[in-house]
Amino acid sequence: MTNTDIRPAFTSTVEARINARRAAGGGALIGYLPLGFPTLTESIDTAVAIANNGVDILELGLPYSDPVMDGPVIQAATVQALANGFRLKHGFEAVAAITAQVDTPVLVMTYWNPVLQYGVDRFADDLAAAGGAGLITPDLIPDDAQSWLDASERAGLDRVFLAAPSSSDERLVQAVTQSRGFVYAVSTMGITGARSDVDSAARVLVTRLRAAGSTSACVGLGISTPAQVREVLEYADGAIVGSALVKALADGGVAAVARLAAELASGARDIRAAV
Amino acid sequence: MSIEPDSLRAQVGPYFGDFGGRFVPESLVAALDELSAEYELAKVDPAFAAELTELHRSYTGRPSLITEVPRFAAHGGGARIILKREDLNHTGSHKINNVLGQVLLTKRIGKKRVIAETGAGQHGVATATAAALFGLDCVIYMGEVDTERQALNVARMRLLGAEVVSVTTGSRTLKDAINDAMRDWVTNVETTNYVFGTVAGPHPFPAMVRDFQKIIGEEARQQVLDLTGRLPDAVTACVGGGSNAMGIFHAFLDDPGVGLYGFEAGGEGIEGLRHAATLTKGRPGVLHGARSMMLQDEDGQTVESHSISAGLDYPGVGPEHAWLASIGRATYLPVTDAEAMDALRLLSRTEGIIPAIESAHALAGTLELGKRLGPDSIILVNLSGRGDKDMETAGRYFDLLDAGAQQL
C-alpha cells in the first residue's frame, strides 16, 4: 500500500456538502436507491424526490447479477431491474436526468465487473459527462484498484472505499488516504438491511477512522430510522440509508419514499451548535 | 523437492499473470489475511503436514490407485489410457483432499464453524464429513436447482449433521450458492471459516486449494513412471472451477513434453448459450473475488451456465487455469452433455467403473485426444469422482428405470 497523498487541488462536491452540513450543526444524509427499480423512469423520479426532501447526497446503485454485499430487500429490487432490461447505458442516462433536475451530488454504487467490462476510463469519462460525482465500490479494495485510482484522478471523480470494523489500522489509513468524498464506514459485519440497533462497532470504527486522519466518515448498513440517523451523526459525518428507502419505494411508491426521506432528514439536523 | 523461481509450479498468488487478486468487500480482507498467514505457517510446519498425511492414509485412502483401462481405450484410437482413481477416495471424489487441509487449518485458527458452497454436492458432502470428524458446526449453501437434481447428496449432508441451505436467489445454482456463502462469511467471519471448494475465489484460495489438491498429480506422476517407465504424453481432467484439473496438472507443469488438457462443459453445444465453457467462450472479468475468465454479457452481468453435470455448471473458472490458457501451457476444450453421457456409459460397460458425470467429460475428451495422439501414446486421466450421486440423472437419461418404479 502507499501512503502518498494523491488528493488533488479540486474540491469534491460530496465533501463540500458534508462539510457544509457539519458547519450547520448537523450531518449529511446519504440516500441509496437502485437505478431501474421499479422502472428506470420511476427510479429517476424517486431520486429527485428524495433529493428535494432533505437527502444531501444520492447513492445510486447499478443493478448487478452477483451482489455479494446486498441483503434481500436490495437484491429483490435489483433482480427486478435487471429482469426489466436494465443496461449500463441506462445508468448514465439516469444520472444525467437526475443531475439536470437537482444539484445534489450523485455517487454511483457499483460492483467492479460492470466497470471493468465497460472500460474503466470510458466509464469514468461517461460518468463525469453525465454529471456524476464518483463511485462507491463495495468489492474493490484500494490494493487492486490502480486503474480506478488513475482514472478517477484524471476525470476528477470521487472514489469511496469501504472501511470495516475488522480492518487493521494500516488498512484504515489506506482507506482514508485513497478515498475522496468520504470513507464508507461499514457499521457492522454483514450485508445491507435494516437492523433494530446500529452496532456499537460503528462508533469505534469512526473513532479509529478519525485517528487515521478522516474528516468525512459516513456510516452505512442497518440505518433505517430518524433516531438512528441522529444517533450516528453524533459521532459521524454522514449517515447512509438504503434498504429502508427501497422498502418504502416498493411498498408505497414515490410519495412514501419522499416522506421517509423528509423524516430521516429531520434526524440529521440541529444535532449540535452550528459553527 | 525444491522449486526453481522460474518454474511454472512456483506461482503462489495473489496473481497468476493478469489473473487472480482480491475483489472482495473490505470486511473480508482481515479474514483472508488471517487465512493466508496461517496457511503460510502451516505450510512450513512439519506437524501440520504429518497430520494431513496421516489423515489421508487412514481416512481418505491415499494414495489412490491408478488403473489402466484397455477395453475403454480401444475406443480412443488405441492410446494407453490410465485413470487416476480419485473416485475411490472416502466421500467419492477428490474434494476431500482440499477439505481435510482446510479443516485442519480451521482448527489451527481456532474457529468452530465452517461454511461451504456446493454444486453437485461433492464438496458439501466432503465438508460435512470433515466437520463431523472434527466436531465443527457446518452450514452448506446449495442452489435450489442443485438440491433438486442432487437430492441424495442433500440427504447425505444432513445425515452427517450439516445444515443445508437451499439458495433461491439468482440462477439458484453454484454461483448463487457462493454469493450466499460469502454473505454468511461477511456476517460471521469472527467465528466462521469458509472452506472454499475450488481453485477460484479471492487469494489465498486459488493457490491454497491447488496446494491441497496437487497430491493427485504428485502421486500419479510417480505411479505412471513406475507402471510405464516414462511420463504420459497427455494429462486430462474436467474443468468446472478447476480444482481436480489443477490438482493433477500441477506436478506436470514443468514437464514440457506432457500436454495438459482441460475439458469444460459444452452443455447442449457452444454455438448457443446453454453451456459452461468458460475458457472457450468467456472473457476476462471479475467474479467471486478474482479476475479470471467468465461467461458474461456486454455489461459484465454474469450469464447463467448450463451443464448436465452440476459440478461443472459454473460460469467462472480458477485464475491459474486462465493463466495457463493464456500462456498456452494448457489447452481447454468443450465436451457436450451427450458426449459425456456416452463416455459415462462406455466406461461403465467396458471397465465396470461408473464415473461421475463431471469426470465423464474428461473421459469423452480423452477418447478424442487418443485418436489424435495414436496407439503409442499414454494418457493419464483424472477420474475425479464416482457416479453414485448421478444415478437418477443417468437413469432418466438412458431410460434405465422401470415404469412406475419409485426411484429416490
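The numbers here are math on the coordinates, done by the rules we state, and not lab data. Values in this document were obtained by computation on a predicted structure and should not be read as measured data. Methodologically, a virtual Cβ is constructed for each residue, glycine included, from the backbone with ideal geometry; neighbour enumeration extends over all protein chains shown.
Okay, here's what the table says:
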item: Dipole moment magnitude, nearest 20 debye, chain A about Cα centre, only Lys, Arg, Asp, Glu C-beta charged; result: 460
item: Rounded to whole Hz, the Karplus (6.51, -1.76, 1.60) HN-Hα couplings of the stretch B:111-117, x for glycine and proline; result: 8, 10, 10, 10, 10, 7, 9
item: Peptide B:29-35, shielding by other chains (average Cβ, 10 Å cutoff); result: 3
item: The stretch A:184-275: C-alpha gyration tensor shape, a/c 1.5 cut-off, then a/b vs b/c; result: oblate
item: Ratio of Rg to Rh over the protein assembly as shown (Cα coordinates, Kirkwood Rh, two decimals); result: 1.01
item: Helix-derived mean residue ellipticity, 222 nm - over chain B, DSSP H n ≥ 4, -39500 (n - 2.57), to 500; result: -12500 deg cm²/dmol
item: Shape call, the stretch B:223-376: gyration tensor on alpha carbons, a/c limit 1.5; result: oblate
item: Magnitude of the charge dipole, the protein assembly as shown, Cβ model with Lys/Arg +1 and Asp/Glu -1, debye to 20; result: 620
item: Approximate spin-label separation residue B:18-residue B:134, in nm, with each point projected 7 Å along Cα-to-Cβ; result: 3.7
item: Within the stretch B:225-248: backbone nitrogen closer than 13 Å to the residue B:329 label point (7 Å, Cα to C-beta); result: B:246-248
item: Proxy reagent accessibility, fewest Cβ within 10 Å first, across A:59, B:358, B:163, B:351; result: B:163, B:351, A:59, B:358
item: Exercise: per-residue mean of other protein chain Cβ atoms within 10 Å, A:187-196; result: 3
item: Residues whose placed amide H lies under 5 Å from that of residue B:332, excluding near-sequence neighbours; result: B:262
item: By average C-beta atoms within 10 angstrom, highest first, the peptides B:52-60, B:164-172, A:238-246; result: A:238-246, B:164-172, B:52-60
item: The protein assembly as shown - share of DSSP beta bridges that are antiparallel (%, nearest 5); result: 20
item: Between the stretch A:193-249 and the stretch B:371-386, the alpha-carbon center distance in angstrom; result: 59
item: Interchain or long-range residues, amide H under 5 Å from residue A:216's placed H; result: A:183
item: Charge dipole (the protein assembly as shown, unit charges on Cβ, about Cα centre) - positive-most of B:63, B:278, B:360; result: B:63
item: Label-point separation, residue B:33 to residue A:121 (7 Å along Cα→Cβ), nm; result: 3.3
item: Ranked B:4, B:34, criterion: other C-beta atoms within 10 Å, fewest first; result: B:4, B:34
item: Average beta carbon contacts from partner chains per residue of B:345-351, 10 Å cutoff; result: 0
item: For the stretch B:1-68 and the stretch B:109-169, distance of Cα centres in Å; result: 22
item: Length added when fully stretched, residue B:254-residue B:151, from 0.36 nm per residue minus Cα-Cα; result: 33.0 nm
item: Cα shape, chain B, gyration tensor, a/c 1.5 rule; result: rounded
item: Under Karplus coefficients 6.51, -1.76 and 1.60, residue-wise ³J(HN,Hα) of the stretch A:82-90 in Hz, glycine/proline x; result: 5, 5, 6, x, 4, 10, 4, 4, 5
item: Euclidean distance between Cα centres, the stretch B:196-241 to the stretch A:129-174, Å; result: 37
item: Theoretical FRET efficiency, 1/(1+(r/R0)^6), r = Cβ-Cβ of residue B:392 and residue A:234, R0 56 Å, to 0.05; result: 0.40
item: Area projected by the alpha carbon convex hull of the stretch A:74-145, averaged over all directions, nm²; result: 5.3
